[in-house]
Amino acid sequence: MSRVWAGEGRVVVVTGGGGGIGSEFARQVAARGATLALVDLRSHAADAVAATLPGAGHSVVTGDLTSRVEVDRVLAEIEATHGRIDVLVNCMGMTSAERFDERSVESIDRELTVNLNAPLMLTRLAIPLLRAAPDPRVITVVSLGAIFPLGETPIYTASKYGLRGAMLSIALDLRDKGITVSSVLPSATDTRMLRQEALDGGNAFQFQDPPQTAEHVAATMVKLLDKPKLEAFPKPSESWLVRAALLMPNALPRLMPLFRGKGERGQARYIADLRRRGLITDDGELVEENPA
C-alpha cells in the first residue's frame, strides 16, 4: 500500500543539485518539509537553487564526486551539518556528442567515471550515514538509454547500462539490510544537458516526441518515496516500446533508419523552440537560465 512520504525532518542529499532534474526534485521534497544538501561542482548553480527552496536549513556542498578524496570531504561536511542521510539522490551525469571513432580515450574514461563510477563510489561511502537514518533510501537517475542502445552516444549508453544493472543488484543486496534502493529511467528531458546535446548534433532518435519536463521526472522520483519499487519510468509507454524492440536486436539496423527522419525533424523543432524561448544566443550558445 502506498503512503505519502513525510519529509519533515528528513535530510535529502541531491548530487547534481544545481541541474534541471536535481533542482526540481529538491523543490518538490523541500515543499514536503525536507532539508536539502545540494552537491554540485558548480557552486553558483547550487546556491541559486538553494535560494529558491522553501523551508530552512538547506546547505550547498561543492565537490568533484569523481575524486575519492573529494567524496570523503563532501560526506564529512554533510555529516557535520546534518548528521545523517535519509535519502541519497544520484543525479549527476554527462554526455558527449563526439562520435566513438573520433573521440579521445581520455574522454571515454571521463564519461564512464562521471556516469558510472562516481555514483557507485558515493553510494558505497554514504552507507554509514544512510544507516544512521530510520528509513534510508537511495534514488538514482539512470536513463531509458540503459535499455536501448543509442548509436551516436555509445559511452553514455554503456555507462547507463552499467548503472542500471549495478543499482538493481545493489537494491537486491541492501533491501534486507534496511536500505531501499530505486532507479528512475527517463527518456529525453528538457535540461541543459539535452539542450547542449541537441546543439552539438547528438542522438536524434530521442527526439521522436517533444522532451518531457524536469518537473515530470522529479514527480516520478517523489512517487518512489511514496511507493518504493526497483524502477520507475516517467513515460511507461516509451519503456514498453524500446523493450519490445530489443526482443529482436538483430533487427535494429533495419529499424533505426525508419525512426531517424522523424527524430531529426523533432530535434530541429526542439532547437527552434529553444531559440523561441531565448535559451540560445545569436552565436548558437546556450543561455544560462535563472533557476528562480
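Since every read-out is calculated from the coordinates, none of them should be taken as a lab result. All of these numbers come straight from a predicted model, not from anything done at the bench. Positions of Cβ are backbone-derived with ideal geometry, glycine not excepted, and every protein chain shown enters the neighbour counts.
Structure notes:
- Charge dipole (debye, nearest 20) of the range 171-269; +1 at Cβ of Lys and Arg, -1 at Cβ of Asp and Glu: 220
- When +1 charges are put on Lys and Arg Cβ atoms and -1 charges on Asp and Glu Cβ atoms, the dipole computed for the chain relative to its Cα centre reaches about 1080 debye.
- Note on A244 and R3: the extension gain reaches 83.6 nm, defined as 0.36 nm multiplied by sequence separation minus the Cα-Cα distance.
- The trypsin sites (Lys or Arg not before Pro) of the range 1-87 meeting both criteria, a DSSP state outside H, G, I, E and B (loop) and at most 11 other C-beta atoms within 10 angstrom of the site's C-beta, are R3.
- Mean residue ellipticity at 222 nm, helices only, the chain: -14000 deg cm²/dmol; runs of at least 4 DSSP H residues each add -39,500 (n - 2.57), and the sum is divided by the number of residues.
- Fewest-first ordering of S159, S43, S237 by other beta carbons within 10 Å of each residue's beta carbon gives S237, S43, S159.
- Qualifying trypsin sites (Lys or Arg not before Pro) in the range 213-292, where qualification requires a DSSP coil assignment and no more than 13 other C-beta atoms within 10 Å, comprise K229, R277.
- Nearest 10 degrees, 0 to 90: helix 214-226 Cα axis against the chain principal axis: 40
- Of L163, L194, L247, the residue with the greatest mean-square motion in the GNM of the chain, using alpha carbon springs below 10 Å, is L247.
- By the beta-carbon count within 10 Å of each Cβ, the least crowded to most crowded order of S96, S104, fewest first, is S104, S96.
- Remark: relative contact order (the chain) = 18 percent; criterion is Cα-Cα distance under 8 angstrom and separation of 6 or more residues.
- Of all segments of the chain bounded by GluC sites (Glu not before Pro) found in a DSSP loop with no more than 12 other C-beta atoms within 10 Å, the longest spans 103-284.
- Computed Rg/Rh of the chain, alpha carbon atoms with Kirkwood Rh: 0.96
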